Amino acid sequence: MRHTIVALIAFLSLATLNPVFAADMELVMESEPAANETFSIDVKLDTVSEDTIGTDLLIKFVPSQLEFSEIQPGELYANYHEARLDLKTGTIRYSGTVDKDNPFSGSGTFATLVFKKLYDTQSVLPPAESGDKPLVGLIWERDATTDTNVVSVGGQEILYTAPSVRVGGNVLGVAAVGEGPESDFGLLQETATQMRSKYLLIGAIVAVIVILILPIIIRRRSKEDEETQE
């Protein structure tokens, strides 16, 4: 019985300390471009220690305001596939994959988007409080398998939180159009960083409880065993 209790507490402690974390994605632009200026947007990815076999982007931009130039692959995945473009509707699909036996885990630039801003009517990636829609965004739909996603080795979607926007070092809001799978998990307002902090705090609390209670349980059980033997 004593060994069962110890094993159960240890299992719960390890399970809490080792949760499955969500991936982070971010659109990063150095500064707001002027009219007729060519600019780039880096798509940053952090798998948060999870092994992944692929990432898909479904990019939406406003073709009347932006002229697409190219998409440059990063170095996170072994295989980057040819982009599928629909310049009339402003849609770009782009994917990177690796073999399941050699998954990718880490962070860096997944890809770089290059555009030319045609007019100076509004910001490319406006702050959330402005109420303006971004001229570039990521389609990220609930229950969809053909949207922007990050896929784990087990074939699970781990992009639970809306990709964010950062311009000149300032986080301005989200870069997603639609609702992602975070709605199913109740994580709409949580970033992956907040999730990690929460789980680490819970894990620390569980560890302290285990350290404090386990010796008491062992002593009590030992005393019961001694009384039984007498």
Step by step: first the residues of the range 24-45, then only those that are of a type outside the set (Lys, Arg), under 24 Å from the mean Cα position of the chain (by Cα) and at pLDDT 95 or above, then the one that is nearest to GLY108 (Cα to Cα). Which residue is that? LEU45
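Yes or no, residue by residue, for (1) more than 22 Å from the chain's Cα centre (by Cα); (2) part of a loop (DSSP other than H, G, I, E, B); (3) small (Gly, Ala, Ser):
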| position | (1), (2), (3) |
| --- | --- |
| GLN72 | no, no, no |
| LEU85 | yes, no, no |
| ILE92 | no, no, no |
| GLY96 | no, no, yes |
| ASP99 | no, yes, no |
| THR109 | no, no, no |
| ASP120 | yes, yes, no |
| SER123 | yes, yes, yes |
If we keep only residues of the range 157-172 that are hydrophobic (A, V, I, L, M, F, W, C) and assigned to a loop (DSSP other than H, G, I, E, B), then the residue farthest from GLU129 (Cα to Cα) is ILE158
Can you confirm whether the range 34-46 contains a residue that is assigned to a loop (DSSP other than H, G, I, E, B) and surrounded by 15 or more Cβ atoms within 10 Å (Cβ to Cβ)? no
Which residue out of GLY168, GLY155, GLY178 is at pLDDT 60 or above and within 29 Å of GLU32 (Cβ to Cβ)? GLY168
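The values are calculated or read from the model by the stated rules, or taken from the named source; none is laboratory data. Everything numeric in this text was worked out from a predicted model, so none of it was measured. Cβ sites come from the backbone with ideal geometry, for glycine too, and all protein chains shown count toward neighbours.
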